Amino acid sequence: HIHIEAKIEAEANRPCGRQGQERNRRKEAGCMRSDMLLVRPAQTISRHLRGGTRRSSNAAASSNSPDDATAAATAGEFASAEIDDCNRRYRGVLRIRETEAKGRGLFASRPFAPNDLVMSARASAASRVRDSHSVQTGWERHATMDLPAILINHSCDANVGVRDNERGAYDFFAIKDVAEGEELVWDYSQSEWEMSAPFRCACGSDGCRGVLRGFKHDGEHVRRAYGPFYASYLKNSEQLQ
């Protein structure tokens, strides 16, 4: 699979269009990126809740982009041209398309075997505080991933796991056999230490945990189910549990 990995490596260095986030397409889709941009901050229940840090901080967000806060508050949808462009770049690897009930998702364009590299994400924005579409990459580090990774959905029975990369985000690897046409899904607890508040999951998998709380509470499951494929900073968290 060397040629496939080389292709993904090359594509990962090229951003797939504007780095916006989806809003209405992700709402009420199990434990996807949900409707958090449509409610008041106190009511948010999705990614805003899952990117909790190990300790509280009174420091203001330190963002790499002055537009991050605005983007988080007024996130628009990806244009179809951006999706089409990204699909061209990842042709033969994966495809962005609509799911039955979860908005957009990522689907395998070829079979993957365990340990195969699926895609390499780049941080298009980073901050010390979470936003509605960020993933946690350290105790006080949160990143917004570029396309297509930002559109990967959650499942409590994930077929994809993560490892840290040098682009401020994660590389995504198959952790079981994935058939062509199968949706690529990961587990939020592979990256999130603790949700600000638990929220109900409706991923529909046989192994659905019902409530997502983060690695602090589900670390044993993550280690058992996903082996080494979860965030590096969480591998140093045993003494905190």
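The values are calculated or read from the model by the stated rules, or taken from the named source; none is laboratory data. Note that the structure is predicted; figures quoted are calculated from it, not measured. Heads up, the Cβs are rebuilt from the backbone with ideal geometry, glycines too, and the neighbour counts pull from every protein chain shown. Areas reflect the complete protein model, heavy atoms only, side chains present, ligands, DNA and RNA absent. Shrake-Rupley method; radii C 1.70, N 1.55, O 1.52, S 1.80 Å.
Restricted to segment 195-209, and to residues there that are more than 13 Å from S155 (Cβ to Cβ) and open to solvent by less than 50 Å² (accessible area, probe 1.4 Å), the residue that is farthest from the chain's Cα centre (by Cα) is A197. The set of residues from segment 190-233 being part of a helix (DSSP H, G or I) and either in contact with an Asp or Glu (Cβ under 9 Å, 6 or more places away or on another chain) or among the polar types (S, T, N, Q) (or both) comprises Q190, F215, K216, H217, D218, G219, H221, V222, A225, Y226, S232, Y233.
Residues in segment 210-237 that are modelled with pLDDT under 95, surrounded by 20 or more Cβ atoms within 10 Å (Cβ to Cβ) and either among the hydrophobic types (A, V, I, L, M, F, W, C) or over 18 Å from the mean Cα position of the chain (by Cα) (or both): L212 only.
Of the residues contained in segment 104-123, none is found to be surrounded by fewer than 20 Cβ atoms within 10 Å (Cβ to Cβ) and free of Cβ contacts under 8 Å to residues at least 40 places away in the same chain. Among residues of segment 86-99 that are within 16 Å of S120 (Cα to Cα), those with a Cβ under 6 angstrom from a residue that is in a loop (DSSP other than H, G, I, E, B) and open to solvent by 10 Å² or more (accessible area, probe 1.4 Å), sequence gap 6+ or separate chain, pair up as G92/S109; V93/S109; L94/S109; R95/S109. Criterion first (without any contact (Cβ under 8 Å) to a residue 40 or more places away in the chain and not acidic (D, E)) does V178 satisfy it? So V178 does not fit the description; no.
Only one entry of A169, A149 meets the criterion of being buried (at least 24 other Cβ atoms within 10 Å of the Cβ), closer than 20 Å to C86 by Cβ and out of contact with any Phe, Trp or Tyr (no Cβ under 9 Å at 6 or more places or on another chain), and that entry is A169.
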